[in-house]
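I have placed the structure first, in the form of structure tokens, so that the comments after it can refer back to it.
The values are calculated or read from the model by the stated rules, or taken from the named source; none is laboratory data. What you see is a predicted model; the values in this text were computed from it and never measured. Neighbour counts run over all protein chains shown; Cβ positions are idealised from the backbone, glycine included.
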Amino acid sequence: MRVLGYLSLAAALAASIALPQTATNPEGREWPAYGGNPEDTRYSPLKQINRSNVSKLQVAWTYDCSDGRGGLETNPLVVDGLVYGNTPGGKLVALDGATGRLVWSWDSKSAGQRTRGFTYWADGADRRLFAGFGRYVYAFDPKTGQLISDFGAGGRIDLHQDLDRLPEQQSDTLTTPGVIYRDLLILGGREAESLPASYGDIRAYDVRTGKLRWTFHTIPRPGEFGYETWPKDAWTYTGAANNWAGMAVDRKRGIVYVPTGSAASDFYGANRVGDDLFANCLLALDAATGKRIWHFQGVKHDIWDRDFPSPPTLVTVKRDGRLVDAVAQTTKQGYVYLFDRANGTPLFPIEYRKYPPSTVEGELAAETQPLPTKPAPYARQLLTEDLLTNRTPEAHQWALEQFRAFRSEGQFVPLGVGKETVIFPGFDGGAEWGGSAYDPSSNLLFVNANDLAWTSSLAPAPPPANGRDLYTAQCAVCHGGDMLGGGGQAPSLAGIAGRSTADQISATVQKGGGRMPGFPNLRGPALRAVVQYVMTGASTGTLAAAAPSPFDMPYRFTGYKRFLDSDGYPATAPPWGTLNAINLNTGEYAWKIPLGEYPELVAKGMKNTGSENYGGPIVTAGGLVFIAATNFDRKFRAFDKDTGKLLWETVMPSAGNDTPATYEIAGRQYIVIPAAGGKAPAGGTAAVYVAYALPK
């Protein structure tokens, strides 16, 4: 929770729950926003469930939502006794928070679209629930599930509009929900990560009418601040620099804090030489107008996909005997940045360190990159031989032989051609989209992190001549050159002809689904050629040569590759995932523990390894940190927030790659989390919402 101005804790809670622009939240009994509140602290003042009784938690209710393939990444909302969530099949559901009974549902007809949460707005009796499915954002009556027809066009707005580009050629979708400031719904979006890609504009819409009220260009146009950090015509062809991770709002100051990702294309930037503002930035914008107040660029000219991966967290810290309202931002590379909220002054020193140049033709890597001197990184930074796995002698020897063929020199080493470069922590972090939680009574920030090494490289990319070439250029980056899923980064396409028709595959290619953006630029013969290749492995016919385009890149990314040993476990030594508690007053760690296990390794005596984890923690006034997230053990856990001691755990039907929510109804506190796997084969295939409470 953000402490306003530094009030007493009780006064701060009163300030944080006065939400006329989101929802009423008496005494913190609800979870009315993604991350719990507009400040995205993932903090609840509820304390019925506490250190002394959490071991007695039991299942209060479940709701089976197994209506389609794929997992969930949802942080549910809870307002007026209803739990709002979604299903793998693309339905929006409202559940009775005390029983799990389905109250209403609405079918988006977009199965497989990842929706991480929703946005709630209230002004007196006027209440609206906003949900994004693919390219559309819908407005609902939260009590009935009926579309509010006078919002936008028939109850929805189209994110492909208002981008100063042809709507039918855009790839913008909404995964992480927007935020509310007064009567504005402020949105980012997910874009394609190769060219062509949509602009990553930040846009604010009127909550009542759906009309566009302001736009901030993350890729500056001529005459705008930052334009000189790009080639002069780059704004006409490049894209992304988008906010896909979520935002936080300082309602007192009227500032929205917006982290952005990399510009397209992610890994080769010869056609966008320069620092590329406002890609990879934390932006502080006037929430009423969209005007820039301050910014900080965390990665200049990103060629590693080092997006800011999660919403910032608004906090209050002690500095030199005074209290400072601050904003904390986690990163994929394992660092936390902390800034004065009002002016962007770093609260821990930031050093600009030199890094090696690129050896790839046309690429010009930035000479320096900024890293904070405190806190210390929560993920390891340099993979060396002594950090390779010792799980078995054979696994160690295999990893050693592989490692000696890699280039491993730490952060911000440009990818090369023909030799794998180690990215450590990996492309998914470090921190990722699950976000961090903040406890105002102790000033502790809780961050879960991955601690695995990944590798990749660049390869020559001649102009596509057939379906195989198109697949290699556009699809292999995620699905792998062998179509087997790119090491788990995307679903395997093996045997897809037996699961989907050509029309269904074509629709997914153009519209996207799950984590995949759409590729509306693939049309006609090109679309048919790539679909044929995916379905049959054959690539007959030759595509007509296209005119030269700024989208043509002479080098391509060879794929996201986890560095796994010969048995499929991480080829690095544990821990493979951690949960960290960082004191933001001092920058020191209160505690750090492994998070997650592999059940089959535990059976062999190898415990506390940590594991890859997705989804974030919450913290409560009961002294507890709740987190699921872990891919393989399917566990939901509660830790003592001050010590990291495990106080409770349970095994769920599937992995909970989500962030939980807590709320109170009729004097009873509940913790609810979707358990739907989706990130690992061992994560389970059931999709179910599970709510826990103390025995009555």
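Just to be sure, is His301 farther than 21 Å from Gly426 by Cβ and modelled with pLDDT of 95 or more?
Working: farther than 21 Å from Gly426 by Cβ: no; modelled with pLDDT of 95 or more: yes.
Here the answer is no, as His301 does not meet what is asked.
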Quiz item: Going by the conditions given, is Pro554 over 20 Å from Glu73 (Cβ atoms), modelled with pLDDT under 95 and touching a helix residue (DSSP H, G or I) at 6+ places or on another chain (Cβ under 9 Å)?
Solution: yes
Exercise. Answer with yes or no whether Val137 is under 26 Å from Gly28 (Cα atoms) and either buried (at least 21 other Cβ atoms within 10 Å of the Cβ) or touching a strand residue (DSSP E or B) at 6+ places or on another chain (Cβ under 7 Å) (or both).
Key: no
Self-check item: Inter-residue pairs, beta-carbon under 9 Å, first over 19 Å from Ile423 (Cβ atoms) and in the stretch 392-409, second aromatic (Phe, Trp, Tyr), 6+ apart
Solution: Ala395/Tyr569
Practice problem: Check whether at least one residue in the stretch 94-104 is assigned by TED's automatic domain parsing to the domain that holds Gly435 and closer than 28 Å to Pro520 by Cα, and report yes or no. | Solution: no
Quiz prompt | Qualifying positions in the stretch 599-611 - buried (at least 24 other Cβ atoms within 10 Å of the Cβ) and without any contact (Cβ under 8 Å) to a residue 24 or more places away in the chain | solution = none
Quiz item: Just wondering, is there one or more residues in the stretch 219-226 that are touching a Ser or Thr at 6+ places or on another chain (Cβ under 7 Å) and under 20 Å from Asn280 (Cβ atoms)?
Solution: yes
Quiz item: Within the stretch 63-87, how many residues are hydroxyl-bearing (Ser, Thr, Tyr), out of contact with any Phe, Trp or Tyr (no Cβ under 8 Å at 6 or more places or on another chain) and closer than 19 Å to Thr662 by Cβ?
Solution: 1
Quiz item: Under 6 Å by Cβ, and 6 or more places apart or on different chains, what pairs join a residue from the stretch 623-643 that is without any contact (Cβ under 8 Å) to a residue 60 or more places away in the chain with one that is assigned to a strand (DSSP E or B) and of a type in the set (D, E, K, R)?
Solution: Lys635/Glu649; Arg637/Glu649
Quiz item: How many residues does the stretch 320-371 hold that are in contact (Cβ under 8 Å) with a residue 60 or more places away in the chain and assigned to a strand (DSSP E or B)?
Solution: 12
Self-check item: The listed residue being under 18 Å from Tyr136 (Cα atoms), in contact (Cβ under 8 Å) with a residue 12 or more places away in the chain and not in a loop (DSSP other than H, G, I, E, B), out of Arg203, Arg208
Solution: Arg203
Quiz item: Does any residue of the stretch 217-230 turn out to be of a type in the set (Gly, Ala, Ser), assigned by TED's automatic domain parsing to the domain that holds Gln297 and not in a loop (DSSP other than H, G, I, E, B)?
Solution: no
Quiz item: When you scan the stretch 286-324, how many residues do you find that are closer than 24 Å to Gly616 by Cβ and of a type in the set (D, E, K, R)?
Solution: 4
Quiz prompt | Test for Thr215: is it surrounded by fewer than 21 Cβ atoms within 10 Å (Cβ to Cβ), over 24 Å from Tyr43 (Cβ atoms) and either touching a residue at least 60 places away in the same chain (Cβ under 8 Å) or touching a helix residue (DSSP H, G or I) at 6+ places or on another chain (Cβ under 6 Å) (or both) | solution = yes
Quiz item: Could you say whether any residue in the stretch 375-386 is over 26 Å from Asn448 (Cβ atoms), outside any helix (DSSP H, G or I), in contact (Cβ under 8 Å) with a residue 40 or more places away in the chain and of a type in the set (Phe, Trp, Tyr)?
Solution: no
Quiz item: Which one of these is crowded, with 23+ Cβ neighbours inside 10 Å and modelled with pLDDT of 95 or more: Gly152, Gly132, Gly226?
Solution: Gly132
Exercise. Output the residue which, of all residues in the stretch 456-502 that are in a helix (DSSP H, G or I) and without any contact (Cβ under 8 Å) to a residue 40 or more places away in the chain, is surrounded by the most Cβ atoms within 10 Å (Cβ to Cβ).
Key: His479
Quiz item: Inside the stretch 125-155, can you point out the residues that are touching a residue at least 24 places away in the same chain (Cβ under 8 Å) and on the phi > 0 side of the Ramachandran plot?
Solution: Gly134, Gly145, Gly152
Quiz item: How about the stretch 275-303: which of its residues are assigned to a loop (DSSP other than H, G, I, E, B), closer than 26 Å to Leu445 by Cα and under 19 Å from the mean Cα position of the chain (by Cα)?
Solution: Ala279, Asn280, Gly298, Val299
Exercise. Would you mind stating whether Tyr84 is assigned to a loop (DSSP other than H, G, I, E, B), under 22 Å from the mean Cα position of the chain (by Cα) and either under 30 Å from Ile255 (Cα atoms) or modelled with pLDDT of 95 or more (or both)?
Key: no
Quiz prompt | From Arg221, Arg272, residue being surrounded by fewer than 24 Cβ atoms within 10 Å (Cβ to Cβ), over 23 Å from the mean Cα position of the chain (by Cα) and of a type in the set (Lys, Arg) | solution = Arg221
Quiz item: Here are Tyr689, Tyr614: which of them is more than 17 Å from Gly435 (Cβ to Cβ) and buried (at least 23 other Cβ atoms within 10 Å of the Cβ)?
Solution: Tyr689
Self-check item: Total residues in the stretch 87-99, condition among the small types (Gly, Ala, Ser) and over 24 Å from Gly434 (Cα atoms)
Solution: 1
